[in-house]
Each structure stands twice: as structure tokens, then as C-alpha cells.
Amino acid sequence: MTLLPPETILVVFLLFCRIGGCLMLMPGFSSPRVPVQVRLFLAVAVTLALTPLLLSTVNSAVPDPAPPLVMHLIVSETLIGVLIGLIGRLFYMALQFMATAAAQLAGFNPVGGAPIEDTEPLPPLATFITLTATVLLFVTDQHWEVLRALLASYSVLPIGEPMAAALSLARLADGFSSAFILALQISSPFIVYALIINLMVGIANKLTPQIPVYFISMPFVLAGGLILLYFTIGEALRLFIAGFTAWLLNG
């Protein structure tokens, strides 16, 4: 039986700090429906699987395992992993926010249903869209792209180098902007639909003040929202997955 040297154990733990920090916030992997123990074992398994590919690179970056340097590397690697996972999480948070807005704009019931992908109740439409996007993350093999992005992060942000706060904030701001622009593009048909239908209902209400046009029009507004959802949901989810993939490849 060959005993591992302490330097190798330290390197594996440093890899776990970045990989575990990323998977702690990355959509799909960090779902509250997955038990904490399963998420922990998954992070350990991914770390051990990627260690042979990164061992030589990280070994050369940690020549002196002094306690102050080790603490600095642990904090730095954890923050880098959290930053990567947080940007990925922002895409799904933006999608959830705009799906909630679209549910209200299209006349769907704004009352929250049973929480499935999140801990807070959301409108059924928002839950349906975010849960489907999470399933597509695994169906389209984007979880492998997450692992490739983690491997590439050691080339962009090598271990041992000081983490630039300005660069990290710039990347976070760029990810925030890209996520909400993408979510706005997806929900734009519902925004246009809400503007048009509310304008028409308002005009009809002014022309016939004796009739409660607003309450009479609600079933028709809801039917129009369902028809719009039927024709746009497929393309919207394809657009979202394409945008998320582009961030994984280029971000």
C-alpha cells in the first residue's frame, strides 16, 4: 500500500475548494432537492476524477506549503469557485425572475405554487420554465461543459496567483448583464403581449364604461397567453440553453 505524501493531499484539497465552491452554486448540482450529503460526495467524486489532469499543474504552483500560504490558497480557491458558480446561478435566477414577470403579464395566476426547484413558492409557469431549463442542462450534456469550464479555469485563473478583485467584479457584472439580457429576450413576447392586450382592454373600457371589460376579458387574456406560450416555449428554452452554453465556452 502506497501512502500519499502530504503535498498531494494538500493539492487535492485545494482542487476540492474550487470545484466544491463552484458546484455549491451551479444550477442543477446545487438544487435543494438534492440532499447535502449527495452534493458533498458528488463534489468529492468530481475532484478525484479531475485530479490526475490537474495534479502536475497545481503541484508546480504550490512549492512551499507554509501555513499562511495554505490559508491564502484555500480562501482564494474557494472564492474563485464561488464566483464561477454564482455567474452560472445568475442565468437561472434571471430566467426565474423574468418567467415570474411573464406569468403575471400574460394573466396567469400570480399565486405561488408548491416549490420544486427553489425553496420559495413561485407561479406555476415560472416553476415549469426553470425546472425544464434545469432538466435541459443535463439532457443536453451541459453538465460536462461545466466540468470543462472548471478545467479551463485553471488556465485563465491559475492557482497561486492573487485573485484580482477588479477583474472578478468585472466578470460578475458581465455575467449579470448577459443573464438578464438573455432573460429579457426570452420574455419579450409576453411583455409585448401585455402592452398590446392592456391597451386594447383599456380602450374598450373607456368606450363602454357600463360593462366591466377588465373582468370579462380575463379568460381571453389567459387564453392568449397560453397560445403565446405554446408557440414560444420551445424556442425560448433553446435560446436560453444556447446562451448558457456560450457563457460556459467563452466566459
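Only the coordinates and a few stated rules stand behind these numbers; no lab work does. Everything numeric here is computed off the predicted structure, so don't read it as measured data. Every residue, glycine as well, gets a Cβ built from its backbone with ideal geometry; the counts of neighbours run over all protein chains shown.
Filtered by the rule that a residue be surrounded by 14 or more Cβ atoms within 10 Å (Cβ to Cβ), among the polar types (S, T, N, Q) and in a helix (DSSP H, G or I), segment 18-53 gives THR47, THR51.
When residues in segment 186-240 are screened for being in contact with a Pro (Cβ under 7 Å, 6 or more places away or on another chain) and among the aliphatic types (A, V, I, L, M), 1 of them pass. There is no residue in segment 237-244 that is more than 30 Å from SER155 (Cα to Cα), crowded, with 16+ Cβ neighbours inside 10 Å and either over 19 Å from the mean Cα position of the chain (by Cα) or of a type in the set (Asp, Glu) (or both).
One line per residue, one yes/no per condition, for (1) of a type in the set (A, V, I, L, M); (2) surrounded by 16 or more Cβ atoms within 10 Å (Cβ to Cβ):
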position	(1), (2)
LEU184	yes, no
PHE190	no, yes
ASN198	no, no
ASN205	no, no
ILE211	yes, no
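Number of residues in segment 121-139 that are of a type outside the set (A, V, I, L, M, F, W, C), free of Cβ contacts under 8 Å to residues at least 12 places away in the same chain and assigned to a helix (DSSP H, G or I) equals 0.
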